[in-house]
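K.L.:
First the structure, then my questions, so here it is.
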Amino acid sequence: MEKVDVLVLGAGAAGLMAAAEAARRGRRVLVLDHAAHPGEKIRISGGGRCNFTNRDLTRQNATERFLSENPRFALSALSRFTPADFIARVDRAGIAWHEKHLGQLFCDGKATQITEMLLDDLRAGGGHLWLGTEIEAVQRDGEAYLVSTSQGEILTASLVVATGGKSIPKMGATGFGYRLAEQFGLPLIETRPALVPLTFAEQDLAQCAPLSGIARDARVRHGKTVFDEALLFTHRGLSGPAILQISSYWREGHTLEIDLAPGRDIAAELAEIRQQGGKLATHNALGRLLPDKLAAGICAELGIAGRLADHGNKSLALIGDRIHRWQVRPVGSEGYRTAEVTLGGVSTAALDARTMEARQVPGLYFVGEVVDVTGWLGGYNFQWAWASGWAAGQVA
Ligand code: FDA
């Protein structure tokens with residue numbers, strides 16, 4: 001039987017950080033993963049360049065940028081291991097990076113550099129990694145934990161659960177951490193796919209599917225929550241950063257309001273074109289202001305045909321309204337198959353915010369996406385993985 005001080009389940013972002021930190025403290029550390037490679041989500045993240053943190057994150061805006069039943073829970077870990085701390089680590093490892101928009105930081109080169117950096121830290125501390133290892137059972141054994149795996153039994157004083165959420169099962173997501181939490185009596189917050197494209201019912205799809213591939217800067221609103229980012233029409237509904245962001249707030253049956261030309265006044269712009277002659281067909285005039293297909297689709301939907309000159313301000317206002325205050329009611333999302341993250345998870349009420357240890361189960365820790373803390377798009381979810389993994393790594 002293998003005996004270690006710290007056994008980490010899951011070699012993703014949070015697990016590798018927790019393991020590297022514990023190893024640095026001189027703990028005997030072993031990381032297990034059923035996948036053939038560590039950090040698979042790091043590898044594919046940020047289009048292969050890993051949007052590894054966000055430097056706009058502050059203590060003041062963190063409760064807005066992370067969703068949770070208790071948004072204040074994440075503050076402790078996030079303020080003890082900050083984006084600046086992770087950037088310093090990336091710099092020390094000699095990994096070149098750049099800032100895109102909204103504070104998002106990406107590697108210049110491959111995302112796998114981040115995984116390599118964490119693996120180097122793990123090795124430097126004498127930690128080990130077992131891949132292709134199935135976890136069969138976990139039992140409490142006095143003060144310790146006995147974990148049965150496809151590679152034999154492991155006895156550990158501290159057990160860190162970093163098996164992620166349910167998103168992208170094809171990449172190894174299993175929901176294992178939730179079952180383990182239940183086994184030890186920890187409460188769960190209902191999970192749902194987040195940062196995910198939204199889908200339309202057939203009738204809306206008939207209008208939108210022909211627009212598939214068109215991208216716009218848009219303003220998407222759900223109640224008081226607003227995102228100004230790109231929107232993409234897809235053959236199933238809507239995607240793009242603005243939609244992924246709002247998907248974390250949207251619920252079945254809710255309506256979204258979308259402005260397809262924020263900061264402009266399309267009715268006034270059409271009126272100006274009309275004043276200059278207006279012999280153009282209305283959809284062609286609108287096609288000067290928006291992509292042709294979108295312009296034609298909107299005119300057809302509103303039943304506005306013929307020359308622009310023949311339309312009064314009422315028609316122009318109708319067009320403006322459709323563009324600036326488009327009401328859409330998605331029927332669902334693309335689900336865990338494409339969701340970047342999982343909302344909900346192990347209730348923060350059951351965890352110590354400073355250490356991530358289960359309050360009622362000494363030696364059992366939950367870090368990363370498995371916890372009910374979900375960030376905005378843009379590097380926030382990795383920052384949570386680093387910060388929560390770091391927190392557990394200081395004490396496990
Ligand atoms: P993560 O899912 O990374 O790791 C869990 C590990 O546990 C995996 O290695 C898995 O194989 C293993 N595991 C699961 N079940 C197991 C079992 N039963 N037995 C053994 N091992 C098991 N975030 C961000 O901040 N910036 C970005 O650019 C992106 N981009 C992005 C793109 C795509 C396509 C996706 C799907 C997601 C992102 N994200 C992101 C989100 C980010 O990837 C996510 O928040 C973190 O990977 C979560 O880290 P964890 O370590 O918690 O889980």
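K.L.:
Okay, which of the range 377-391 sit inside 12 Å, backbone N to the point 7 Å along the Cα-Cβ direction of residue 93?
P.N.:
386
K.L.:
Still on this structure: Please arrange 359, 27 by counting, for each residue, the other beta carbons lying within 10 Å of its beta carbon, fewest first.
P.N.:
359, 27
K.L.:
How many angstrom lie between the C-alpha centres of the range 328-355 and the range 212-245?
P.N.:
What the calculation gives is 19 Å, centre to centre.
K.L.:
In the chain, what is the count of Lys pairs whose alpha carbons are under 17 Å apart, counting only pairs at least 8 residues apart or on separate chains?
P.N.:
4
K.L.:
OK, next. On full extension of the chain, what length is gained from residue 44 through residue 326, given 0.36 nm per residue of separation minus the C-alpha to C-alpha distance?
P.N.:
Answer, rounded to one decimal: 98.2 nm.
K.L.:
Could you please rank 299, 50, placing first whichever residue has the fewest other Cβ atoms within 10 Å of its Cβ?
P.N.:
299, 50
K.L.:
Percent of alpha carbon pairs in the range 197-261 separated by more than 14 Å?
P.N.:
Result: 53 percent of Cα pairs exceed 14 Å.
K.L.:
Same structure again: What FRET efficiency, computed as 1/(1 + (r/R0)^6) with R0 = 51 Å and r the Cβ-Cβ distance, is obtained for residue 289 and residue 1, rounded to the nearest 0.05?
P.N.:
0.10
K.L.:
Please give the contour-minus-distance gain from residue 84 to residue 318: 0.36 nm per residue of separation, less the Cα-Cα distance, rounded to one decimal in nm.
P.N.:
My answer for the length gained is 79.4 nm.
K.L.:
A further question on this structure: Pulled fully out, how much extra length does the chain show between residue 202 and residue 69, if you take 0.36 nm times their separation in residues and subtract their Cα-Cα distance?
P.N.:
Working it through step by step, the gained length comes to 44.5 nm.
K.L.:
Related question: Need the C-alpha centroid separation for the range 176-210 versus the range 257-286, integer Å.
P.N.:
38
K.L.:
Sort 171, 1 so that the residue with the fewest other Cβ atoms within 10 Å of its own Cβ comes first and the one with the most comes last.
P.N.:
1, 171
K.L.:
Please list, by residue number, every one of the trypsin sites (Lys or Arg not before Pro) in the range 297-358 that is coil in DSSP and has at most 15 other beta-carbon atoms within 10 Å.
P.N.:
325, 354
K.L.:
Rounded to the nearest 0.05, what FRET efficiency do residue 255 and residue 123 have when you use their Cβ-Cβ distance and R0 = 45 Å?
P.N.:
Calculated transfer efficiency: 0.30.
K.L.:
Which residues in the range 181-212 place their backbone N less than 16 Å from a point set 7 Å from the Cα of residue 225 along the Cα-to-Cβ direction?
P.N.:
190-199
K.L.:
Pairs of alpha-carbon atoms within less than 8 angstrom and 6+ residues apart define the contacts here; what relative contact order does the chain have, in percent?
P.N.:
Computed over the chain, the figure is 25 percent.
Each reported figure results from applying straightforward, stated rules to the coordinates on display, with no laboratory input. Computed from a predicted model, the values in this text were never measured in an experiment. Because the Cβ atoms are built from the backbone with ideal geometry, glycine has one as well, and the counts that use them run over all protein chains shown.
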